[in-house]
Amino acid sequence: MQDKNDTKEKKLNILIYLYFIVATGLIIVLFPKEGKFRYSFTEGKPWQYGLLTAPYDFPIYKSAEQIKTEQDTILKNFYPYFTLDETVFERELNRFKSAKPGHSSDRPSPELRRYIENALKHVYTAGIVSNDDYDFLKQNNYTVFRVLRDENKTVPYSAGDVFTLKSAYSHILNHCPSYLDSGALRFINLDEFIHENLKYDQVFSEKIKQDDLQKISPSSGMVQAGEKIIDRGEIIDGKTFNILRSLKQIADSREGPNQKQTGITIGASVLITGLMLCFLLYLVFFRKNVYAKKKDVFFLLSMSFLSILFTELAISYEFFNVYIIPYAIIPIVIRTFFESRTAQMTHLITVLICSLMVPFSYEFILLQILVCMVALYALKDLTQRSELIKCAFYIVLTYILVYIGFQLLQEGDLSKINWIMFIYFVINFIFVMFTYAFIYIIEKIFGYISNVTLIELSDINTPALTLLSERAPGTFQHSLQVSMLGTAAAIKVGANPQLVRTGALYHDLGKIENPAFFTENKIEGGVNPHDNLSFEQSARIITSHVQKGVKLAQSYGIPQAIIKFILTHHGKGKAKYFYNSQRNQYPDQPINEEAFSYSGINPDTKETAILMMADSVEAASRSLKDYNEDSIRKLVDKIIDGQIADGLFKEAPLTFKNITKIKNVFVEKLLTVYHSRISYPELNEEKKEEEKPNA
């Protein structure tokens with residue numbers, strides 16, 4: 001048996017070590033690879049490092065805003081290009097000259113012919129474009145365009161002077177001199193001689209535009225190797241910021257093997273591994289109960305890893321500011337299911353690892369650690385939504401005050417404060433408000449149970465407890481008394497009183513199916529259903545309420561943490577009344593031990609052990625004939641000592657001192673419940689007769 005336990009423990013250790021190795025490896029892989037330039041800087045802030053000189057010659061790159069301004073200027077001064085077909089005018093003029101109308105009366109006079117020839121020359125010289133090209137010029141507000149001539153020479157044209165086919169025709173008609181017969185123009189098909197001679201050259205225009213844009217220089221100067229850039233304490237102005245940004249851009253874009261980068265990666269790996277090892281040793285030496293459960297270890301590592309993952313996204317890809325990440329959720333959530341020290345340790349390890357990635361590490365660590373302390377102090381027990389809202393307000397207030405204090409310490413001037421940080425803190429506050437929903441998700445994934453859920457379950461108006469009170473009122477009253485005893489004992493020995501209280505209300509849920517077979521539900525003077533059954537049959541009915549309770553609780557969606565109380569409130573004990581009766585009546589017959597034994601599991605926590613004691617003591621106390629301190633103490637000692645002798649508490653983390661305290665609490669509470677009350681005096685008969693007339 002010992003060898004089996006040792007093998008199981010070794011497997012658990014290997015699995016937990018594997019968890020830590022995988023988590024450490026993933027964090028190292030995710031660690032930002034921008035190790036070539038490890039300085040963090042912000043315009044308007046002081047330089048926090050030592051003297052920085054240029055390691056090599058590099059250009060000072062223009063900012064995106066500067067390049068955009070230059071591009072806009074080029075686009076504003078750009079003119080589109082058109083091609084001119086000079087043959088169109090000569091061809092159409094010759095066609096007009098050679099045209100012969102059918103009747104002599106239709107022939108224009110020599111003066112009118114000269115006008116038409118001159119008018120055609122005018123419109124063709126100004127240029128005739130298609131309707132689409134004309135709309136293109138108007139929509140883009142082009143006042144000038146260029147026309148390609150021979151040998152790639154260009155001539156500027158005024159966009160306001162060009163004609164379309166329609167406007168050219170109208171121009172010739174409307175500008176006919178008054179001494180000529182303008183009516184004769186309408187009998188001449190002028191539109192036959194008007195055609196487009198200018199056409200927009202989109203390909204050439206785009207080529208010229210792109211060539212002009214590519215001529216923009218990406219840099220505005222050079223920094224020579226060895227030249228001073230900035231020294232410690234100097235304010236990073238706009239010019240220095242551009243130089244630092246350019247140096248970072250050059251350093252990050254360099255390809256090939258980089259010995260410095262390799263060294264930084266090794267350094268980060270050593271630090272991350274050391275921090276994760278400290279976390280592992282903390283669990284091994286100080287939280288053995290957490291270390292012994294792989295589910296709990298996986299949960300703690302997941303909480304830490306998620307925060308580190310979001311930090312890496314914020315730093316490497318700049319999706320969002322790092323102060324938007326609600327690191328305070330770590331202590332709040334872990335404190336909900338565990339205790340404060342584990343929550344604080346997990347948060348501390350996470351923040352220290354994240355500080356290796358973020359700029360201004362000292363500021364980051366100071367803010368996050370103080371926020372963690374405030375969160376733990378402000379939210380001792382999450383039992384109401386209002387408590388989370390107050391805690392979130394305390395957190396955002398801490399962020400703001402500490403940030404202002406830190407900036408005043410560094411700058412000594414409120415005008416230097418980056419007020420955008422307050423927006424990040426408010427967004428952080430909004431995310432913290434979602435902790436309530438996050439806790440619910442964690443409960444479903446990991447099977448944990450929070451005080452909020454316990455309070456909801458302990459409402460006696462829940463469907464399961466309502467059914468219990470209706471079908472088995474005696475059992476329901478017994479459960480209430482057990483919850484009172486268990487809660488008082490849990491407070492005394494440092495267990496979770498709310499968990500004991502809720503577990504006590506549901507522990508006998510299985511008695512709903514056969515309530516009459518249990519003494520507390522028997523009506524005085526009624527028929528005892530056990531009279532017609534053998535001791536073994538009665539024992540099977542009594543012990544079956546454990547498994548029936550489990551199935552019923554599962555059908556109502558009761559969390560596993562509460563179902564555990566149903567399984568452990570009798571443990572692997574026996575139905576002693578029927579077991580002893582069987583042995584007394586049939587001492588010579590072999591007894592079926594399994595028939596008289598409960599099919600549960602023995603308690604392995606303080607809470608389940610307390611419930612087992614409270615359940616047995618409360619049930620046995622109803623059989624006492626004389627309620628005084630001596631009789632109650634003897635009963636309590638007898639019940640609990642018997643359970644200890646049966647080995648039911650071997651796996652429970654209770655000391656003899658704890659058990660003594662629990663016994664004393666039970667005695668005190670039972671004396672209060674069963675104390676004798678004063679008798680109210682009856683009114684004297686003679687006095688009653690005297691009062692009748694007055695009445």
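Kindly check whether there is at least one residue in region 525-535 that is within 30 Å of Lys661 (Cα to Cα) and out of contact with any Pro (no Cβ under 6 Å at 6 or more places or on another chain).
no
Working only within region 181-232, note down all residues that are among the charged types (D, E, K, R), part of a helix (DSSP H, G or I) and in contact with a helix residue (DSSP H, G or I) (Cβ under 7 Å, 6 or more places away or on another chain).
Asp191, Asp212
For (1) in a loop (DSSP other than H, G, I, E, B); (2) at pLDDT below 90, each residue gets a yes or a no:
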| site | (1), (2) |
| --- | --- |
| Met612 | no, no |
| Ala620 | no, yes |
| Lys625 | yes, yes |
| Lys634 | no, no |
| Asp637 | no, no |
| Lys650 | yes, no |
| Asn658 | no, no |
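Got at least one residue in region 350-359 being at positive phi, in a loop (DSSP other than H, G, I, E, B) and in contact (Cβ under 8 Å) with a residue 60 or more places away in the chain?
no
List the pairs whose first member sits in region 655-669 and is more than 14 Å from Pro603 (Cβ to Cβ) and in contact (Cβ under 8 Å) with a residue 12 or more places away in the chain, whose second member is β-branched (Val, Ile, Thr) and in a helix (DSSP H, G or I), and whose Cβ atoms are under 7 Å apart, counting only residues at least 6 apart or on separate chains?
As it stands, the answer is Lys661/Val493; Lys663/Val636; Lys663/Ile640; Phe666/Val617; Phe666/Val636; Val667/Ile632; Val667/Val636, since those pairs meet every condition given.
Sort through Leu271, Leu309, Leu244 and tell me the only one that's assigned to a helix (DSSP H, G or I), of a type outside the set (Val, Ile, Thr), in contact (Cβ under 8 Å) with a residue 24 or more places away in the chain and crowded, with 17+ Cβ neighbours inside 10 Å.
Result: Leu244 is the single residue among Leu271, Leu309, Leu244 that is assigned to a helix (DSSP H, G or I), of a type outside the set (Val, Ile, Thr), in contact (Cβ under 8 Å) with a residue 24 or more places away in the chain and crowded, with 17+ Cβ neighbours inside 10 Å.
Mind listing whichever residues of region 432-451 are more than 11 Å from the chain's Cα centre (by Cα) and polar (S, T, N, Q)?
Ser450, Asn451
Of the residues Asp161, Asp181, Asp252, Asp212, which single one is over 22 Å from Asn94 (Cα atoms), in contact with a Phe, Trp or Tyr (Cβ under 9 Å, 6 or more places away or on another chain) and either modelled with pLDDT of 85 or more or in the same structural domain as Lys138 (by TED's automatic domain parsing) (or both)?
One residue alone meets the criteria, Asp212.
Could you check Leu379 against (1) at pLDDT below 85; (2) surrounded by fewer than 20 Cβ atoms within 10 Å (Cβ to Cβ) and say which number it fails?
(2)
Given the structure, is Tyr169 more than 60 Å from the chain's Cα centre (by Cα) and either part of a strand (DSSP E or B) or among the aromatic types (Phe, Trp, Tyr) (or both)?
Spelling it out, Tyr169 is indeed more than 60 Å from the chain's Cα centre (by Cα) and either part of a strand (DSSP E or B) or among the aromatic types (Phe, Trp, Tyr) (or both).
Would you mind stating whether Lys215 is surrounded by 12 or more Cβ atoms within 10 Å (Cβ to Cβ) and basic (Lys, Arg)?
Spelling it out, it is not the case that Lys215 is surrounded by 12 or more Cβ atoms within 10 Å (Cβ to Cβ) and basic (Lys, Arg).
Counting only residues that are hydrophobic (A, V, I, L, M, F, W, C) and crowded, with 17+ Cβ neighbours inside 10 Å, which one in region 137-146 is nearest to Leu190 (Cα to Cα)?
Leu137
Are there any helices (runs of 4 or more DSSP H) wholly within region 55-134 with 1 or more residues that are closer than 30 Å to Leu247 by Cα, and if so which? Steps first, please.
On the way: elements: 64-76, 87-98, 110-126.
Result: 64-76.
Sort out which residues of region 115-136 are closer than 15 Å to Ala159 by Cα and among the β-branched types (Val, Ile, Thr), and write them in order of number.
Val123, Thr125, Ile128, Val129
Yes or no, residue by residue, for (1) assigned to a helix (DSSP H, G or I); (2) touching a Ser or Thr at 6+ places or on another chain (Cβ under 7 Å); (3) of a type in the set (Ser, Thr, Tyr); (4) without any contact (Cβ under 8 Å) to a residue 40 or more places away in the chain:
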| residue | (1), (2), (3), (4) |
| --- | --- |
| Asp531 | yes, no, no, yes |
| Glu536 | yes, no, no, no |
| Ala539 | yes, no, no, no |
| Ile542 | yes, no, no, yes |
| Val546 | yes, yes, no, no |
| Ala553 | yes, no, no, no |
| Ser581 | yes, no, yes, no |
| Asn584 | yes, no, no, yes |
| Gln589 | no, no, no, yes |
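Just one of Asn451, Asn418, Asn428 is in contact with a Gly (Cβ under 9 Å, 6 or more places away or on another chain) and not assigned by TED's automatic domain parsing to the domain that holds Leu611; which is it?
Residue meeting the stated conditions: Asn418.
The values are calculated or read from the model by the stated rules, or taken from the named source; none is laboratory data. What you see is a predicted model; the values in this text were computed from it and never measured. Neighbour counts run over all protein chains shown; Cβ positions are idealised from the backbone, glycine included.
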